[in-house]
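In what follows, a structure is listed as C-alpha cells, so that the remarks can point back to it.
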Amino acid sequence: MQNSAGSTIAILTVGDIVGRPGRDVLKDRLQGIIDTRRADLVIANGENSAGGKSITPDILRELLSIGVDVVTTGNHVWDNKEVLKILDSEPALLRPANYPDGVKGHGWHIVDRKGIRICVINLQGRLFMEPIDCPFRKFDALYDELKDRADIFMVDFHAEATSEKRAFGWHVDGRASAVFGTHTHVQTADEEILPGGTGYITDIGMTGSFNSVIGITKEYSVQRFLTFTRVKFEVAEGNRKINAALFEIDRGGKTGRIERIIT
Ligand SMILES: [Fe+2]
C-alpha cells in the first residue's frame, strides 16, 4: 500500500462532502485519484454528507466502502440524531476532540499502513463558532498522550476563521505532520510546509455541487440573507467537484510535498 517512493506515505484528505451530490461524485472519482496519486490512506470530512447535515450509519458504511478510511466531522455532526447510534461504536468516525468531557464519540483514531502508525485527530475552532474547549491545548494534551503510539499526526482543523487556523498551524509545527482546514467549503491556495515540517493548508474545500452557495441552493442562501428567516434548506445540484489535498510524508513524520486537488 505504500506509494511508489517507498520511503514516504501519501495521505489524501477530502473536503467536506455535501449531500448526495458530494457522495456520488466521490463514488465516481475517488478510486481514480487514489490510483493516480498512489494514496495510502484517505481521510474525508463527512459532517455534511447526509442531506447537508451530519452523517448516518448507512452513509458512513457507504463512504467506508468506496475507499475512505477515516471520516472526520465538525459542528454539524450533531444535526441528525441517527449519528448518535454510531459515534461511540465506529472507531473510524470522529467528532472534534475538544467537545467537553462526557459528550458522545471520540476525536482521534490510529491507523497502521505498512508499519507506519498514522493518528488522525479532529479538532474544531472557536472563533465565530461554539465556545467549546480550547483546540490548541487539546492538541497539546492529545499529542503528549499519543506521541509514543503514532509516527504521523494528521489534524483536521474544522474552523471558520483563517486566523485561528493559521495560528493553529504554527502552534503544532514540528509536532503534527499535516494540518488541513475544513468547514468553509472554499479551498484556499495557501498550502505550505512550515519550518518544522508540518504541511499546512487553511481549507481544503468542498466535495459537492458548485452551482450553489457552499453546497446549498443559491435560492435558499439568497433568501436567508434577504430575510434572515427560516427558509427551505436544500442541497444544490449541478457542477459536481471534489476538492482535496494530498500530503506526502516521510517516515519521520515530515511533509515533503502538498498537492491541492480540484477535480
Ligand atoms: Fe462545519
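The values are calculated or read from the model by the stated rules, or taken from the named source; none is laboratory data. In this text the structure is predicted, and so the values were computed from the model without any measurement. Positions of Cβ are generated from backbone atoms using ideal geometry, with glycine treated the same way; all protein chains shown enter the neighbour counts. Heavy atoms of the whole protein, side chains included, go into the accessibility calculation; ligands, DNA and RNA do not. Shrake-Rupley method; radii C 1.70, N 1.55, O 1.52, S 1.80 Å.
Could you compute how much accessible surface THR229 exposes when probed at 1.4 Å, giving the result in Å² to the nearest 10?
In the full protein context, THR229 sits at about 70 Å².
By how many degrees, 0 to 90 and rounded to 10, does the Cα axis of helix 135-146 deviate from the longest principal axis of the chain?
Result, in degrees: 40.
Using the heavy atoms of the protein chains alone and a 1.4 angstrom probe, what is the accessible area of the chain per residue in square angstrom?
Solvent-accessible surface per residue comes out at 42 Å².
Out of the DSSP beta bridges found with both residues in the chain, what percent are antiparallel (nearest 5)?
50
Of the options ASN211, HIS106, CYS134, report the single residue whose Cα projects farthest towards the positive end of the charge dipole of the chain (beta-carbon charges: Lys, Arg +1; Asp, Glu -1).
After comparing all options, I get ASN211.
I'd like the Karplus ³J(HN,Hα) series for the stretch 85-94: coefficients 6.51, -1.76, 1.60, θ = phi - 60°, whole numbers in Hz, and an x wherever there's a Gly or Pro.
Result, rounded to whole Hz: 5, 10, 4, 8, 9, 9, x, 8, 9, 10.
If you line up the long axis of helix 218-227 against the longest principal axis of the chain, both from Cα atoms, how many degrees apart are they, to the nearest 10?
70
If you stretched the chain out fully between ARG61 and VAL186, how much longer would it get, using 0.36 nm times the residue separation minus the C-alpha to C-alpha distance?
My answer for the length gained is 42.4 nm.
According to a simple spin-label model (label point 7 Å from Cα along Cα-to-Cβ), what is the distance in nm between LEU127 and GLU145?
Roughly 2.7 nm, to one decimal.
If we count chymotrypsin sites (Phe, Trp or Tyr not before Pro) as exposed when they sit in a DSSP loop and have at most 12 other beta carbons within 10 Å, what is the longest stretch of the chain that avoids them all?
1-127
In the chain, with Lys and Arg counted as +1 and Asp and Glu as -1 at Cβ, which of these residues, THR263, ALA236, GLY19, has the Cα nearest the positive end of the dipole, that is, farthest along it?
The listed residue farthest towards the positive side: ALA236.
In whole percent, and with a 1.4 Å probe on the protein chains, what portion of the accessible area of the stretch 98-199 is carbon and sulfur?
Reported share for carbon and sulfur atoms: 51 percent.
Please work out whether the stretch 16-163 counts as rounded, prolate or oblate from its C-alpha gyration tensor, where a ≥ b ≥ c are the square roots of the eigenvalues and a/c under 1.5 means rounded, while otherwise a/b larger than b/c means prolate and anything else oblate?
Taking the square roots of the gyration eigenvalues as a ≥ b ≥ c, the stretch 16-163 is oblate.
Extension gain PHE225-LYS85, at 0.36 nm per residue separation less the Cα-Cα distance, in nm?
46.9 nm
Scan around MET206 for amide H atoms under 5 Å from its own, H built in the peptide plane at 1.01 Å from N, and keep only partners 5 or more places away or cross-chain.
Sorted by chain and number, the residues that satisfy this are GLN187, ASN243.
Explain nothing, just the number: relative contact order of the stretch 1-139, from Cα pairs under 8 Å at least 6 residues apart, as a whole percent.
18
Can you list the HN-Hα couplings for the stretch 66-77, worked out from phi with the Karplus curve (6.51, -1.76, 1.60; θ = phi - 60°), rounded to whole Hz and with x for Gly and Pro?
Couplings: 9, x, 7, 9, 9, 10, 9, 9, x, 4, 7, 4 Hz.
I need the trypsin sites (Lys or Arg not before Pro) found in the stretch 181-241, filtered to DSSP loop residues with at most 10 other beta carbons within 10 Å of theirs.
ARG230, LYS232
Using the Cα centre of the stretch 41-119 as the reference point, and only Cβ charges (+1 on K/R, -1 on D/E), how large is the resulting charge dipole? Debye, rounded to the nearest 20.
Charge dipole of the stretch 41-119: 140 debye, to the nearest 20.
Within the stretch 58-133, list the trypsin sites (Lys or Arg not before Pro) lying in a DSSP loop whose Cβ has at most 14 other Cβ atoms in a 10 Å radius.
Those satisfying the criteria are LYS104, LYS114.
Once the chain is represented by equal point scatterers at the alpha-carbon sites, with solvent omitted, what log10 I(q)/I(0) does the Debye formula produce at q = 0.07, 0.08, 0.11, 0.17 Å⁻¹?
-0.21, -0.28, -0.54, -1.36
Could you go through the stretch 179-190 in sequence order and give the Karplus-derived ³J(HN,Hα) for each residue, using 6.51 cos²θ - 1.76 cosθ + 1.60 with θ = phi - 60°, rounded to whole Hz, and x for Gly and Pro?
In residue order, the calculated couplings are 10, 10, x, 9, 4, 7, 6, 10, 6, 9, 9, 10 Hz.
When the dipole is taken about the Cα centre of the chain, and only Lys, Arg (+1) and Asp, Glu (-1) are charged at their Cβ, what size is it in debye, to the nearest 20?
Using only the charged Cβ atoms, the result is roughly 320 debye.
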